[in-house]
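Heads up, the thing below is written out as structure tokens.
The values are calculated or read from the model by the stated rules, or taken from the named source; none is laboratory data. Predicted, not measured: the structure shown is a model, and the values here were computed from it. Note: ideal-geometry Cβ built from the backbone for every residue, glycine included; neighbour counts use all protein chains shown.
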Amino acid sequence: MIKGASTIYYGGDYSPDQFDLETIKKDIVSFREAGINMVTLPVFSWTKLEPEEGVYDFGWLDQAMDLFLEAGLKVCMATPTAAQPAWLSHKYPEVLPVDQQGRKRTHGMRVFYCVNSAKYRERAAAIAEAMAKRYCKYPNLAMWHVSNEYGTYCYCDTCRRKFHGWLQRKYQIIENLNEKWNNTFWNKTYTDFAEITVPSETNDEFRFNPTLALEYMRFMTDCTIECFENEARAIRRYCPDMTIQTNISGHIENLDQFKMVKHMDIVSWDNYPKPSSEPGLVAMKHDLMRSLKQGASFMMQEQSPNQQNWQPTSKLKRPGEVRMLSYQALSRGADACLFFQLRQSVSGQEMYHGAVISHADRTDTRTFREVAQLGQELQKIGGLFLDGRTAAKSAIIFDWDSWWALEKASLNCLPYKKMDYLKKVYKFYKVFHKHNIPVDFVAKDADFSQYSLLIAPYLYIVDETVAERLKSFTASGKTLVGTVFTGVCDEQCKAVYGAYPGLLRDVFGLWSEEMDALYEKETNDICFDGDIRFTCSFLCELYHNTTAETLASYGKDFYAGMPVISRNRYGEGTAYYIGTDPEFACLEHLLTEIFEETGIGPYYAAAEGVEITCRQNQTASILFVLNWNKEEAWIDLLEDRYENAVTEEIMTGHVTLKPYDAIVLKKTDER
């Protein structure tokens with residue numbers, strides 16, 4: 001939960017340094033009209049605050065803070081360190097990153113610095129401390145936001161030398177590293193840590209040395225955590241009891257977020273779906289954010305109130321879309337609903353990015369009216385569902401190591417070169433979403449005991465500890481589902497000998513002989529008893545059951561009749577194995593049977609396209625119902641009674657929702 005929050009924070013990024021005093025005063029009036037209660041500032045204003053090294057100018061920010069205080073607006077104070085000053089890049093060129101092509105980059109882009117630069121960290125910590133010392137006592141200061149959208153990789157000499165030290169601490173002696181990495185292959189044996197390169201295009205190590213590439217991604221996550229802590233420590237000295245966070249980019253792959261968020265007081269992320277994104281894909285990312293801290297609430301730090309200018313086609317958000325996307329985030333764990341941006345920039349790369357107040361400079365625009373409507377509703381809801389949790393009996397293992405290995409580190413050696421880990425995981429999640437069954441995401445080293453069903457899709461990297469925990473989970477009477485590419489490699493991307501799925505052969509009751517890669521439009525058939533047929537693509541694993549029973553077989557090619565989906569009784573539990581990438585209908589067919597077998601079901605029956613979620617805190621049980629259809633739809637609340645949190649109408653039984661509408665319902669004991 002956000003420390004000290006008593007209501008949903010609603011607002012977003014504002015740049016007072018870009019506008020004159022009269023405009024700021026006018027905007028404050030508009031913000032209050034729209035129900036906005038929080039502004040985030042000054043995210044990219046480092047030079048304005050520190051025009052030369054060690055010389056600070058806070059006067060303009062003091063003035064803005066006083067105006068926001070007078071208006072009753074809370075402030076999310078951001079350190080401006082995502083975009084270093086030109087004087088810093090010019091005076092200390094070592095702060096600039098080297099890209100994967102080996103090119104030294106020049107100043108100009110945001111988040112364009114070496115996270116390991118000592119000079120960058122020195123100046124970043126200095127301005128963070130100066131800001132914290134100055135503003136820690138401001139009554140309207142609600143939280144801190146460190147930098148912005150971490151994720152830049154660097155391949156400079158500073159990073160290379162630090163990587164050597166990181167590896168030496170992990171492996172102790174070079175002989176251990178050579179053995180773990182199997183460096184006799186292609187004569188990659190090292191005699192000293194100083195000989196190890198970074199995986200750039202200058203040496204092709206990012207394509208031809210999977211272990212080196214994977215370790216560098218882990219290293220970059222650790223370095224970025226250090227960079228965050230460098231500023232967070234400075235802030236904590238003056239604001240020890242205040243929420244400190246940083247926003248996770250919508251492109252979440254570059255950093256292991258399970259590791260990152262351990263250092264943040266609350267998860268915060270930026271939601272920028274494509275116009276064509278399915279509601280389920282957006283829901284999955286929210287659920288992932290909620291799960292990063294074991295189900296705790298999170299912040300939606302950014303979303304666009306209208307079009308997103310950096311996408312290939314900048315579609316306008318359709319009427320009602322902002323409201324639907326906002327309630328979807330709130331329903332899945334968000335305690336803050338913030339926009340980028342509150343006033344549209346007059347120039348620059350994002351000048352056409354949507355804003356609450358557009359270039360028209362009016363409050364009678366469609367976007368402003370929709371934002372104001374939502375703001376008024378949220379004012380009425382207040383803190384009704386703050387820190388509300390979502391109870392789930394199912395979980396999906398989401399693993400950055402496997403994601404990195406399958407898409408980047410091992411890509412050149414895999415039998416299929418077009419791997420989309422997120423898309424593959426989403427296919428499983430989509431079944432849960434379609435049937436309104438809550439599901440968490442968990443790291444592979446998490447505690448699984450609270451779940452009765454665990455999905456482990458494409459869990460490529462499995463060590464002995466993880467394998468034992470998955471076995472214990474299943475043997476205790478639970479249900480495990482695995483797939484092709486599960487348990488193939490150890491932590492260093494070395495194949496586990498003794499046939500796939502490696503250390504999990506016993507729990508799945510089978511061993512894999514070989515794997516057939518299918519062409520892009522090629523398919524095979526999945527045949528169940530009773531002539532139920534589906535198609536599959538991507539990869540077809542040719543495996544043999546030992547103790548497992550065959551549920552479905554391949555329908556064609558030389559391996560027709562071989563098992564493709566199996567079930568194994570292990571201890572008191574059950575393990576299912578899917579040896580291919582089945583079409584969605586097949587996966588839905590299988591998982592719905594597993595749901596029934598494990599006693600997992602939806603909150604209520606509803607029309608297709610109606611999304612149902614529930615958040616419970618110590619005072620209330622809140623049901624969110626979203627109709628993504630272009631026509632009316634329904635939900636059956638049975639005999640349960642709810643009060644509409646906005647209209648105060650009592651709802652029970654069969655309830656009809658308008659097209660593209662969302663309702664927030666509070667459970668009531670009235671009969």
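Identify, from the list ARG366, ARG323, the residue that is in the same structural domain as MET143 (by TED's automatic domain parsing) and either closer than 20 Å to SER277 by Cβ or touching a helix residue (DSSP H, G or I) at 6+ places or on another chain (Cβ under 8 Å) (or both).
It is ARG323.
Being of a type in the set (Asp, Glu) and not in a loop (DSSP other than H, G, I, E, B) narrows it down to one of GLU407, GLU350, so name that one.
GLU407
With the requirement that a residue be buried (at least 21 other Cβ atoms within 10 Å of the Cβ) and closer than 17 Å to VAL29 by Cα, what does segment 375-409 give you?
Within segment 375-409, GLY375 is the sole residue that qualifies.
Just checking, does segment 466-482 include any residue being on the phi > 0 side of the Ramachandran plot, buried (at least 20 other Cβ atoms within 10 Å of the Cβ) and either at pLDDT 95 or above or part of a strand (DSSP E or B) (or both)?
Here is the first cut: in segment 466-482, the ones on the phi > 0 side of the Ramachandran plot are 477.
Still in the list and also buried (at least 20 other Cβ atoms within 10 Å of the Cβ): none.
No: zero hits.
Checking TYR500 against (1) aromatic (Phe, Trp, Tyr); (2) farther than 12 Å from VAL484 by Cα; (3) crowded, with 20+ Cβ neighbours inside 10 Å, which single condition isn't satisfied?
(2)
For segment 59-70, check the following and say yes or no: at least one residue is of a type in the set (Gly, Ala, Ser), farther than 14 Å from ARG123 by Cα, part of a helix (DSSP H, G or I) and out of contact with any helix residue (DSSP H, G or I) (no Cβ under 9 Å at 6 or more places or on another chain).
Looking through segment 59-70, at least one residue is of a type in the set (Gly, Ala, Ser), farther than 14 Å from ARG123 by Cα, part of a helix (DSSP H, G or I) and out of contact with any helix residue (DSSP H, G or I) (no Cβ under 9 Å at 6 or more places or on another chain).
Need a quick list: strands (runs of 3 or more DSSP E) entirely within segment 538-598 having at least 1 residues that are over 16 Å from LYS427 (Cα atoms) and either in the same structural domain as TYR421 (by TED's automatic domain parsing) or modelled with pLDDT of 95 or more (or both).
549-554, 563-570, 573-578
Filter segment 103-132 down to the residues that are over 22 Å from THR221 (Cβ atoms) and touching a residue at least 40 places away in the same chain (Cβ under 8 Å) and list them by number.
Answer for segment 103-132, where residues must be over 22 Å from THR221 (Cβ atoms) and touching a residue at least 40 places away in the same chain (Cβ under 8 Å): LYS104, ARG123, ALA126, ILE127, GLU129, ALA130, MET131, ALA132.
For every residue, the table says whether it meets (1) closer than 21 Å to LEU406 by Cα; (2) surrounded by fewer than 18 Cβ atoms within 10 Å (Cβ to Cβ); (3) touching a residue at least 60 places away in the same chain (Cβ under 8 Å).
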residue	(1), (2), (3)
THR184	no, yes, no
ASP192	no, yes, no
GLU226	no, yes, yes
GLU231	no, no, yes
ALA234	no, no, yes
GLN245	no, no, yes
MET284	yes, no, yes
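Keeping to segment 107-145, report how many residues are in contact with a helix residue (DSSP H, G or I) (Cβ under 7 Å, 6 or more places away or on another chain) and of a type in the set (A, V, I, L, M, F, W, C).
Counting residues in segment 107-145 that are in contact with a helix residue (DSSP H, G or I) (Cβ under 7 Å, 6 or more places away or on another chain) and of a type in the set (A, V, I, L, M, F, W, C) gives 9.
Does any residue of segment 261-280 turn out to be more than 18 Å from LYS444 (Cα to Cα), among the small types (Gly, Ala, Ser), in a strand (DSSP E or B) and modelled with pLDDT of 95 or more? Before you say what the answer is, go through the steps one by one.
From segment 261-280, those more than 18 Å from LYS444 (Cα to Cα) are 263-280; that's our starting set.
Those left that are additionally among the small types (Gly, Ala, Ser): 268, 276-277, 280.
Restricting the remaining residues to those that are in a strand (DSSP E or B) gives 268.
From the residues that got through so far, the ones that are modelled with pLDDT of 95 or more too are 268.
Yes, because at least one residue in segment 261-280 is more than 18 Å from LYS444 (Cα to Cα), among the small types (Gly, Ala, Ser), in a strand (DSSP E or B) and modelled with pLDDT of 95 or more.
Among the residues of segment 40-73, which ones are over 20 Å from ALA232 (Cα atoms) and either modelled with pLDDT under 95 or surrounded by 18 or more Cβ atoms within 10 Å (Cβ to Cβ) (or both)?
Residues satisfying the conditions are LYS48, LEU61, ALA64, MET65, PHE68, LEU73.
Somewhere in segment 271-290, is a residue among the aromatic types (Phe, Trp, Tyr) and in contact with a helix residue (DSSP H, G or I) (Cβ under 9 Å, 6 or more places away or on another chain)?
There is no residue in segment 271-290 that is among the aromatic types (Phe, Trp, Tyr) and in contact with a helix residue (DSSP H, G or I) (Cβ under 9 Å, 6 or more places away or on another chain).
Out of (1) more than 30 Å from GLN379 (Cα to Cα); (2) of a type outside the set (Lys, Arg); (3) surrounded by 21 or more Cβ atoms within 10 Å (Cβ to Cβ), what's the single condition that is false for ALA125?
ALA125 satisfies every listed condition except (3).
Considering each of THR7, THR81 in turn, give the residue that is under 28 Å from ASP387 (Cα atoms), touching a residue at least 60 places away in the same chain (Cβ under 8 Å), assigned to a loop (DSSP other than H, G, I, E, B) and among the hydroxyl-bearing types (Ser, Thr, Tyr).
None of the others qualify; the one that does is THR7.
Only one residue in PHE368, PHE385, PHE339, PHE398 is over 25 Å from the mean Cα position of the chain (by Cα) and among the hydrophobic types (A, V, I, L, M, F, W, C), so which one is that?
PHE368
Taking segment 544-572 as the region of interest, how many residues are closer than 19 Å to LEU591 by Cα and surrounded by fewer than 18 Cβ atoms within 10 Å (Cβ to Cβ)?
The number of residues fulfilling the criteria is 3.
Considering only segment 293-306, state which residues are part of a loop (DSSP other than H, G, I, E, B), touching a residue at least 60 places away in the same chain (Cβ under 8 Å) and in contact with a Phe, Trp or Tyr (Cβ under 8 Å, 6 or more places away or on another chain).
Selection gives PRO305 alone.
What's the number of the condition ASP447 fails, among (1) buried (at least 20 other Cβ atoms within 10 Å of the Cβ); (2) not in a helix (DSSP H, G or I)?
Here ASP447 clears every test but (1).
Can you tell me which residues in segment 468-483 are touching a residue at least 40 places away in the same chain (Cβ under 8 Å) and either in contact with a helix residue (DSSP H, G or I) (Cβ under 6 Å, 6 or more places away or on another chain) or not aliphatic (A, V, I, L, M) (or both)?
Of everything in segment 468-483, those that are touching a residue at least 40 places away in the same chain (Cβ under 8 Å) and either in contact with a helix residue (DSSP H, G or I) (Cβ under 6 Å, 6 or more places away or on another chain) or not aliphatic (A, V, I, L, M) (or both) turn out to be LYS471, PHE473, THR474, SER476, GLY477, LYS478, THR479, LEU480, GLY482, THR483.
Any residue in segment 539-556 that's free of Cβ contacts under 8 Å to residues at least 24 places away in the same chain: show its pairings with residues that are surrounded by fewer than 18 Cβ atoms within 10 Å (Cβ to Cβ) and of a type in the set (Lys, Arg) at Cβ separation under 9 Å, as long as the two are six or more apart or on different chains.
As it stands, the answer is GLU549/ARG569, since those pairs meet every condition given.
Collect the residues in segment 16-54 that are of a type in the set (Gly, Ala, Ser) and farther than 20 Å from TRP87 by Cβ, keeping them in residue-number order. I'd like the intermediate steps shown before the answer.
From segment 16-54, those of a type in the set (Gly, Ala, Ser) are 30, 34-35, 45, 54; that's our starting set.
If the condition is that a residue be of a type in the set (Gly, Ala, Ser) and farther than 20 Å from TRP87 by Cβ, then SER30, ALA34, GLY35 are the ones that fit.
In the set VAL431, VAL371, VAL439, which member is in the same structural domain as ALA296 (by TED's automatic domain parsing), among the β-branched types (Val, Ile, Thr) and crowded, with 21+ Cβ neighbours inside 10 Å? Before you say what the answer is, go through the steps one by one.
On the way: VAL431 fails: in the same structural domain as ALA296 (by TED's automatic domain parsing); VAL439 fails: in the same structural domain as ALA296 (by TED's automatic domain parsing).
That would be VAL371, the only listed residue that is in the same structural domain as ALA296 (by TED's automatic domain parsing), among the β-branched types (Val, Ile, Thr) and crowded, with 21+ Cβ neighbours inside 10 Å.
Any idea which of GLY333, GLY354, GLY348 is within 24 Å of VAL625 (Cβ to Cβ) and not aromatic (Phe, Trp, Tyr)?
Details: GLY354 fails: within 24 Å of VAL625 (Cβ to Cβ); GLY348 fails: within 24 Å of VAL625 (Cβ to Cβ).
When all the criteria are applied, what remains is GLY333.
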